[in-house]
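Beneath this line is the structure, given in structure tokens, with notes to follow.
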Amino acid sequence: MKKPILIAILLFVKNHVCAQGAVEILGGNKHIHYINYFDKDLDSSGKWNFFNLNRFTVNYRDKALNTISIEGQLTYQFKPWIGLSAGGGFYGELFIPAIGLSLSYMNKKENFFIQLYPTIGYAERQVAPSVLGLIGYTPKYSKTWGLSSQIIFSVDPIEAAQIVRIGADYKEKIQFGIGIDMTQNFGSRNLDFNTGPFVRYNF
């Protein structure tokens, strides 16, 4: 468990200065959830882009329930709204390479966006589809304050996860409010909830 956490921290430190992104922590009723993500253009034309999402949870009662997820996608944009992506994810002791598409949309006010990565992954000699997505709506009510709402979700043949956050935005730098993590296992049909306050810092 220590090695994946170290990898996530190194990724965060390395890209803190050179990329746009956020670091967030939620204190839930079952576990603490840390999230760090960034999105960076690799060239001046914006054709090449790299997206990285790091997440890990620390369960209050059982260390065996701790989780880690490090996902990255390198994208070549054909158009501003569509590109070809390649990358994968590291989940504990399992790495899953993947290839697929990058689909994005942002409105003219730049306060509503959708980013989707539908991909095909390969793990344990099996090929399976998955989708990683981010949806955000951040209208401003004054020069200082606004609404912050965001959903990060992923779906694969094993489970579906939704990370929902809603609260206040202060100067487009700090967001805070209430969050809920939902995970549904398709095999056991178990639905797990983790709810609590969150705080996020944009860099």
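The values are calculated or read from the model by the stated rules, or taken from the named source; none is laboratory data. This is a predicted model, so every value here is computed, not measured. Here the Cβ positions follow ideal geometry from the backbone for every residue, glycine too, while neighbour counts run over all protein chains shown.
Tally up the residues in segment 6-44 that are at pLDDT 80 or above, of a type outside the set (A, V, I, L, M) and either over 23 Å from D169 (Cα atoms) or buried (at least 16 other Cβ atoms within 10 Å of the Cβ) (or both), please. Show your work before the answer.
So the first thing to find is which residues in segment 6-44 are at pLDDT 80 or above, and the list is 20-44.
Adding the requirement that they be of a type outside the set (A, V, I, L, M) leaves 20-21, 24, 27-31, 33-34, 36-41, 43-44.
Next, only the ones that are either over 23 Å from D169 (Cα atoms) or buried (at least 16 other Cβ atoms within 10 Å of the Cβ) (or both) stay: 21, 24, 28-31, 33-34, 36-39, 41, 43-44.
Total satisfying the criteria: 15.
Checking L147 against (1) closer than 23 Å to L42 by Cα; (2) crowded, with 16+ Cβ neighbours inside 10 Å; (3) of a type outside the set (V, I, T): exactly one of these is not met. Which one? All conditions pass for L147, except number (1). So, Y105, is that one in contact (Cβ under 8 Å) with a residue 12 or more places away in the chain, closer than 30 Å to G146 by Cα, in contact with a strand residue (DSSP E or B) (Cβ under 6 Å, 6 or more places away or on another chain) and surrounded by 12 or more Cβ atoms within 10 Å (Cβ to Cβ) or not? Yes: the conditions hold for Y105.
Inspect segment 132-140 for any residue being farther than 19 Å from T183 by Cβ, in contact with a Lys or Arg (Cβ under 7 Å, 6 or more places away or on another chain) and surrounded by fewer than 17 Cβ atoms within 10 Å (Cβ to Cβ) and give the result as yes or no.
The initial filter retains those residues of segment 132-140 that are farther than 19 Å from T183 by Cβ, namely 136-140.
Right, trim to in contact with a Lys or Arg (Cβ under 7 Å, 6 or more places away or on another chain) and you get none.
No, segment 132-140 has no match at all.
Out of curiosity, is I166 without any contact (Cβ under 8 Å) to a residue 60 or more places away in the chain, in a strand (DSSP E or B), of a type outside the set (S, T, N, Q) and under 23 Å from L26 (Cα atoms)? In short, yes. Can you work out which of the residues in segment 46-81 that are among the small types (G, A, S) and in contact with a strand residue (DSSP E or B) (Cβ under 9 Å, 6 or more places away or on another chain) is farthest from Y105 (Cα to Cα)? Step by step, filter segment 46-81, then rank; the result is S69.
Test S85 against the criterion of being assigned to a strand (DSSP E or B) and hydroxyl-bearing (S, T, Y), and give yes or no. When the stated conditions are applied, S85 passes them.
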